[in-house]
Structure formats: C-alpha cells, structure tokens
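S.K.: Just dropping this structure here.
Values in this text are rule-based calculations from the coordinates and carry no lab data. All values reported here derive from a predicted model rather than from experimental measurement. Because the Cβ atoms are built from the backbone with ideal geometry, glycine has one as well, and the counts that use them run over all protein chains shown.
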Amino acid sequence: MSAAVVGAATPFDSRIHESQNGPRKERPGRQHTPEMQTPNAQMSNPASAGCILCGAGNPGELLFQTLRPILRCATCGLVYADPGSRIASHFDYAEEYYRGGIYADYLADRGVIHKNAFRLLNELERVAKGRSLLDVGCAAGFFLEAARTRGWSVRGLEISDFASDYARRELGLAVDTGSITSAPDGLSGFDVVTLWDTIEHLDRPDQALASIHGLLKPDGVLAFSTGDYSSLLRRLTGSRWRLFGDATHNFFFDVGTLARLLRQQGFEILVVRHAGKWVSLSMILQQSGLPLARTLQAWLKARKRNPAFYVNLRDVVTMFARPIALRDERPAQ
Ligand SMILES: [Zn+2]
C-alpha cells in the first residue's frame, strides 16, 4: 500500500527533514504531470516565488519556530510557513496522516463529520442556485457522502492516494486524485465549490482560487474554512496554536488577508463566520496535549465509546463568496 511511504511514528519531523534534503524517492508506477512538478520546483527555489498575496520578493520576518519556521510578509502581513521547509505534497497524507498527527482517527469520525456536513449543507442550500458540488481536499469523502444523501450531485478532488482511494472504493464517490491547480478536464459548471480546512495546505492558494473561479457557474458559491491567525486563541497560545501542530499547513490567514486574496482572485465575500463544530472526544484529546490523553483515548477505543461535543474556539473562520468580474489586482509573479 502506498501508505507505507510515510511510516515514521513522528511523520511530520521526518517529512521536514526529507523536504530539506530534496524530494523523496520516486514511487514505481507513478506518473508525474508537469503541473504536479510545479510546486516542487518552487520549493527548491522559494525566493523566486515572492509573496503570493502582494508579490513582495523580500524574505518574511520570522515569527515563530514551530514544526516549521513561521514567517510574516513585511509588506502585506500574510503569515506562512517557510516555503523552504515545505513538504512534497503528493507524497503526503498517507494513511498515517488520517490515523495520527492532529487527527486521532479521521475515519472513525465519520459520524461527527456528517453531523457538521449537514449543518453546512443547511446553509449552502439557502444560498446555492443549484445542487452540483465539488469538494476540493475532500479527504475520505464524508462531506460528499452527506451531500449526496441530500440530493446533491457531487464530485471530489483529493491529493491523498489513500483518502481518494477510500472515497472511491468504500463510498462509490466520483473523486479524482490530484490538486486543484492540475484539475482533470471536464470539471466545470459547479453551483458550489467547497474547501473545508484545505486552503491552508495548498502550495498556491492564489492559483487554486483562480482555478475555482473558472470551475464555478457565474452565480455559483465558494465556501471554505481555515484557521484564523488573528483569533484570540492564537494570540493567547502563541507558537503553541493548534494549527501550527500540522506540518502540512503552509498558510495562516486571517479575515484581512483572506479578503484581499479573494478580491484579487475575483470573489466577493457573502458570509464571514467563526462557527464551531462537533468534535469527537478522541480528537479533542489528541489535540489537547494532556499527559493522559493517549491513555484516555485507548480506554475509549476499548469501550467503543467516542462521544461528540460542540466546540467553538473561534479560531476557525468560515467564508462564503461568489465570483465577480476579475479586477487587475493580482500581484506580478
Ligand atoms: Zn506580502
């Protein structure tokens, strides 16, 4: 299984190490398109890319040293993980990512994810003009599965071989393996495109939004969630903020930087909310850092118990936006 590529007990540390020493060894049978190689070419020479938001070429100022160095653009304030420490994205998100790291056991949280999905769908169904949906970064497809039961026509896009295989095989969903910046032909005309906790993982969120602009119907809706760097919890927890605990997070937006990014890519904001969500006790324990967390998780698992709680730490922002005509505000790259 391809999941064996990342097999370390502390995969994030090993990923950083490997990314600093060049790309991982090629897996047999894996074809790379030129588009898939583009992010890696940028990784090897990150200074050439400049700030994705304002185009400034100067190196960002170091804010924190977490799993990766966290930098802030001195010109526009965008906060991001040092691109030089970026991991090779198409080798990541193997099975271990979904069964450890920030997730206790993603697959076991299916019911909780459905519960959150139905709340989001209630809102989307009020603003969307139709019922076709693309979920970018759909993971194992649980959001799509929930949408399908409500009559939505659903497609997914997921970079993880493991998760996209699971969505196709176990749930029978139309999920493509790949990234939004190299999306397969034939994806277009969606009423809704969603990215739940995904945009912070991308190498080029600006290019992703530009692609999504082209995939949406003119009256379509973009809906996404991501961590809010300016939130009170982030300020209270500093470098120990939970979003820094995932080495695959590349960007730490706030409402201001997101608004600028959306405007540049031709979107108008419809909704900004700091909503909570249902979270399983095992995931709360996983992110708590408590000394007895692992013991409690094992105790729950042995008893097949994993209750869910509604939690709102107000450090995640959810936005809905709609495409508008592009203005010439994109930074020169
Ligand atoms: Zn900038």
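S.K.: Taking amide H positions as placed in the peptide plane 1.01 Å from N, state which residues far from Gly137 in sequence (5 or more) or on other chains have amide H under 5 Å from it.
M.R.: Leu157, Glu158, Ile159
S.K.: Still on this model: So how far, in whole Å, is the C-alpha centre of segment 172-207 from the one of segment 100-165?
M.R.: Result: 13 Å between the Cα centres.
S.K.: While we're looking at this one, here's another question. Could you tell me which residue out of Leu232, Gly172, Ala81 lies farthest along the dipole of segment 61-323 toward its positive end? Charges go on the beta carbon: Lys and Arg +1, Asp and Glu -1, centred on the Cα centre.
M.R.: In segment 61-323, that residue is Leu232.
S.K.: Right, next: Between Leu171 and Arg314, what length comes free when the chain is fully extended (0.36 nm per residue of separation minus the Cα-Cα distance, one decimal in nm)?
M.R.: 48.3 nm
S.K.: Amide H to amide H, which residues 5 or more places from Phe64 or on other chains are under 5 Å from it, using H placed in the peptide plane?
M.R.: Here Ile70 satisfy the definition.
S.K.: Using Cα pairs under 8 angstrom and six or more residues apart, how large is the relative contact order of segment 141-197, in percent?
M.R.: Value for segment 141-197: 30 percent.
S.K.: Please list the non-local residues whose amide H lies under 5 Å from the amide H of Leu270, H modeled 1.01 Å from N, same-chain partners needing a gap of 5 or more.
M.R.: Phe320, Ala321, Arg322
S.K.: Compute the relative contact order of segment 231-332 as a whole-number percentage, counting only Cα pairs closer than 8 Å that sit 6 or more residues apart in sequence.
M.R.: Worked out over segment 231-332, it gives 42 percent.
S.K.: Which lysines have a Cα less than 28 Å from the Cα of Lys217, not counting those fewer than 8 places away in the same chain?
M.R.: Lys115, Lys129
S.K.: Can I ask one more? What is the extension gain from Thr149 to Arg131, computed as 0.36 nm multiplied by their sequence separation minus the C-alpha to C-alpha distance, in nm to one decimal?
M.R.: Between Thr149 and Arg131, full extension yields 5.3 nm more.
S.K.: What list of ³J(HN,Hα) values in whole Hz, one per residue of segment 258-272 in order, does the Karplus curve 6.51 cos²θ - 1.76 cosθ + 1.60 (θ = phi - 60°) give from phi, with Gly and Pro shown as x?
M.R.: 5, 4, 5, 4, 4, 4, 5, 9, x, 10, 10, 6, 9, 9, 10
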